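The values are calculated or read from the model by the stated rules, or taken from the named source; none is laboratory data. The structure presented is a predicted model; accordingly, all values stated were derived computationally and were not measured. No Cβ is skipped: glycine too gets one built from the backbone with ideal geometry, and neighbour counts run over all protein chains shown.
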Amino acid sequence: MSKASIPKGTRDFLPSEAKKRAYLFDTIKAVFESHGYDPIETPAMEHLQTLLGKYGEEGDRLIFKILKRGDKFKAALQSGNDFADQALRYDLTVPFARFVVQHRSDLSFPFKRYQMQPVWRADRPQKGRYREFYQCDVDCIGTESLHAEVELLQIIETVFDRLGLSGVEVRLNNRKILMALAQYLNAEERLIEMTVIIDKLDKIGLRKVCEELSSIGFADDQIKKLVDIITLTGNPSVLFESLTDTFAQIPDGLKGVEELQFLFDMAKALNIKGLKLDLSLARGLNYYTGAIFEVTHPDFKSSICGGGRYDDLTSLFGLEGMSGVGISFGADRIYDLLEQKGLFDQNTSASAQVLFANFGEQEVKYAQNIAAKLRAEGIACEVYLERVKMKKQFSYAHAKNIPHVLSIGSEEIGGALLPIKNMASGETQKLSLEAIISLLNSKNDH
RNA sequence: GUGGCUGUAGCUCAGUUGGUUAGAGUAACGGUUUGUGGAUCCGUAGGUCGCCGGUUCGAUCCCGGUCAGCCACCCCA
């Protein structure tokens, strides 16, 4: 007999948790759909080649690979390599790019899709980090319009607003500015190393950032120029002006500034709040080419949402000129944060509104009949399936948080009135079926 | 992949300066004479004290290893 347990970094969800998760997913989904995004799904596993090389060196290491089976596995054993040909998806964006290329003739562009599915990473689990977790992606692909970015900003604001979570910070930057920065420092080939380091600015502080830059060979004057830029703060429009001066000779930089300026202008026009320009925001995924987003909350250590624009992702699968932008909500982290802040309580309830308690087999049959009528009226209800003591049946209703118990005994069979107990008040009243239906329906409306 | 902390009942934790029958709370189950729940009361059950090895007359307690969990780094949702 093996011990009952699940793999590291995975979780079971009890009914109370699963209901809260359903509420979270439903809320996010409703916002996505209200902006015209359609759902898609892709398989849990992809060809290993589809995923490899898309997430950087670190990312490749964290991909869960699936062992070959049978003769192919034996052959791999003998050669000592190529043990895997498939892998669990690492995120939803790369499979989405694959999907778009593969099904391009069935899609009309710009294509707006959402996708809420689990992804897997062979990371070491810790607070806010799981090996299996859900991402809720929205992407708009096939347009370069910056209005797509604006729409994502609206979605972010609406989602957290509906979840009742205040205080979220949406940090914004643009990869073109980071590229320009590398050019400005004559360090274009160090772009990735550089961005990884400056991304840590708010975490490790300016001094350590300088040390790290120095340790990978940046000269002091380069570091100074860089620091002067990434530590710029204040009013975005003033900031944009000074960046425009700095990047006067660098087209990428000017473009990036212009794009950011547009987003901030639009956000102001649409009254989107909580936006913050952060020139040190880099994000690890290397396929981003334009706007990059990251959403954080002061009470949570890691980001709860992130994304950006990618111009060339589909070209990895043979389709050029397909720019897209998307973000991903980290459902599990958002769940943890909502739980931590006690924002779930008023939003979840019992599945059934009524439990039918019974005194025997005949009564169960009778109860099933009435239950079917209630369900036809849109009232969720449940029949206790066997004859056990009333105490046990009422305890069951209590444990499941079912607000009403309707007892069926020999007296009730064929009778006009049914005793329905309100579990919160403890009061029992005898009502006709019609009265019960209208009582429960009136509660439904709220 | 690197480092730190922890590992006693389903859960939360006591405890033994190493000594023979390891405790509590809570949850579960049952009972208070079979038509009524939510911390009324009573009772029952549940532990190879993570696993392996060492020291010792003796280890749940000390030491080593191992596994697992948590936290941090890396990286990320």
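When the strands (runs of 3 or more DSSP E) confined to region A:227-324 are screened for residues that are assigned by TED's automatic domain parsing to the domain that holds A:Ile192 and farther than 29 Å from A:Pro95 by Cβ, those reaching at least 1 such residues are found at A:275-277. Annotation: A:Ser323 fulfils all but one of (1) small (Gly, Ala, Ser); (2) touching a residue at least 60 places away in the same chain (Cβ under 8 Å); (3) farther than 30 Å from A:Ile155 by Cβ; the unmet one is (3). Checking each residue in region A:213-253 for being within 32 Å of the chain's Cα centre (by Cα) and modelled with pLDDT under 85 picks out A:Ile230, A:Thr231, A:Leu232, A:Thr233, A:Gly234, A:Asn235, A:Pro236, A:Ser237. One residue stands out in region A:108-142 among those that are among the hydroxyl-bearing types (Ser, Thr, Tyr) and within 26 Å of A:Glu320 (Cα to Cα): the one that is nearest to RNA strand B (Cβ to nearest atom), namely A:Tyr114. Based on this model, can you work out whether A:Thr42 counts as within 24 Å of A:Arg283 (Cα to Cα) and of a type in the set (S, T, N, Q)? Here the answer is no, as A:Thr42 does not meet what is asked. No other residue among A:Arg387, A:Arg375 is outside any strand (DSSP E or B), more than 8 Å from RNA strand B (Cβ to nearest atom), out of contact with any Leu (no Cβ under 7 Å at 6 or more places or on another chain) and under 12 Å from A:Gly360 (Cβ atoms) apart from A:Arg387. Within region A:1-32, being of a type in the set (Asp, Glu) and under 15 Å from the mean Cα position of the chain (by Cα) holds for one residue alone: A:Asp26. Go through region A:110-159 and give me each residue that's crowded, with 20+ Cβ neighbours inside 10 Å, among the charged types (D, E, K, R) and within 13 Å of the chain's Cα centre (by Cα). Of everything in region A:110-159, those that are crowded, with 20+ Cβ neighbours inside 10 Å, among the charged types (D, E, K, R) and within 13 Å of the chain's Cα centre (by Cα) turn out to be A:Asp137, A:Asp139.
Based on what the data block shows, is A:Tyr335 in contact with a Lys or Arg (Cβ under 8 Å, 6 or more places away or on another chain) and either of a type in the set (Val, Ile, Thr) or within 14 Å of RNA strand B (Cβ to nearest atom) (or both)? When the stated conditions are applied, A:Tyr335 passes them. Cβ-Cβ distances below 6 Å connect the following pairs, each with a first residue in region A:348-373 that is closer than 19 Å to A:Met390 by Cα and modelled with pLDDT of 90 or more, a second residue that is of a type in the set (S, T, N, Q) and not in a helix (DSSP H, G or I), and a separation of six or more residues or different chains: A:Ala357/A:Ser407; A:Val364/A:Asn358; A:Ala367/A:Asn358. In region A:51-80, the residues that are on the phi > 0 side of the Ramachandran plot reach residues that are not in a loop (DSSP other than H, G, I, E, B) with C-beta atoms within less than 7 angstrom, at least six apart or across chains, in these pairs: A:Gly53/A:Asp60. Is it the case that some residue within region A:333-348 is more than 21 Å from A:His404 (Cβ to Cβ), in contact with a Phe, Trp or Tyr (Cβ under 9 Å, 6 or more places away or on another chain) and of a type in the set (Val, Ile, Thr)? Yes, because at least one residue in region A:333-348 is more than 21 Å from A:His404 (Cβ to Cβ), in contact with a Phe, Trp or Tyr (Cβ under 9 Å, 6 or more places away or on another chain) and of a type in the set (Val, Ile, Thr).
A single entry from A:Thr27, A:Thr93 fulfils the requirement of being under 25 Å from A:Asp311 (Cβ atoms) and at pLDDT 90 or above: A:Thr93. Would you check if A:Ser432 is of a type in the set (Ser, Thr, Tyr), within 13 Å of RNA strand B (Cβ to nearest atom) and surrounded by fewer than 14 Cβ atoms within 10 Å (Cβ to Cβ)? No. Checking A:Tyr55 against (1) within 25 Å of A:Glu149 (Cα to Cα); (2) more than 12 Å from RNA strand B (Cβ to nearest atom): exactly one of these is not met. Which one? A:Tyr55 satisfies all of (1) within 25 Å of A:Glu149 (Cα to Cα); (2) more than 12 Å from RNA strand B (Cβ to nearest atom) except (2). If I filter region A:313-328 for residues that are within 16 Å of RNA strand B (Cβ to nearest atom), modelled with pLDDT under 95 and small (Gly, Ala, Ser), do I get at least one hit? The answer is no, given that none of the residues of region A:313-328 is within 16 Å of RNA strand B (Cβ to nearest atom), modelled with pLDDT under 95 and small (Gly, Ala, Ser).
Of the residues making up region A:1-48, those that are outside any loop (DSSP other than H, G, I, E, B), more than 20 Å from A:Glu157 (Cα to Cα) and in contact with a strand residue (DSSP E or B) (Cβ under 9 Å, 6 or more places away or on another chain) number 5. Filtered by the rule that a residue be without any contact (Cβ under 8 Å) to a residue 40 or more places away in the chain and buried (at least 22 other Cβ atoms within 10 Å of the Cβ), region A:398-413 gives no residues. Could you tell me whether region A:48-65 includes any residue that is over 26 Å from A:Ser302 (Cβ atoms) and surrounded by fewer than 12 Cβ atoms within 10 Å (Cβ to Cβ)? Scanning region A:48-65 turns up at least one residue that is over 26 Å from A:Ser302 (Cβ atoms) and surrounded by fewer than 12 Cβ atoms within 10 Å (Cβ to Cβ). Somewhere in region A:175-196, is a residue under 30 Å from A:Asp336 (Cβ atoms), outside any helix (DSSP H, G or I) and among the polar types (S, T, N, Q)? The answer is no; no qualifying residue exists. Scanning region A:414-432 for residues that are part of a strand (DSSP E or B), under 39 Å from the mean Cα position of the chain (by Cα) and touching a residue at least 40 places away in the same chain (Cβ under 8 Å) turns up nothing.
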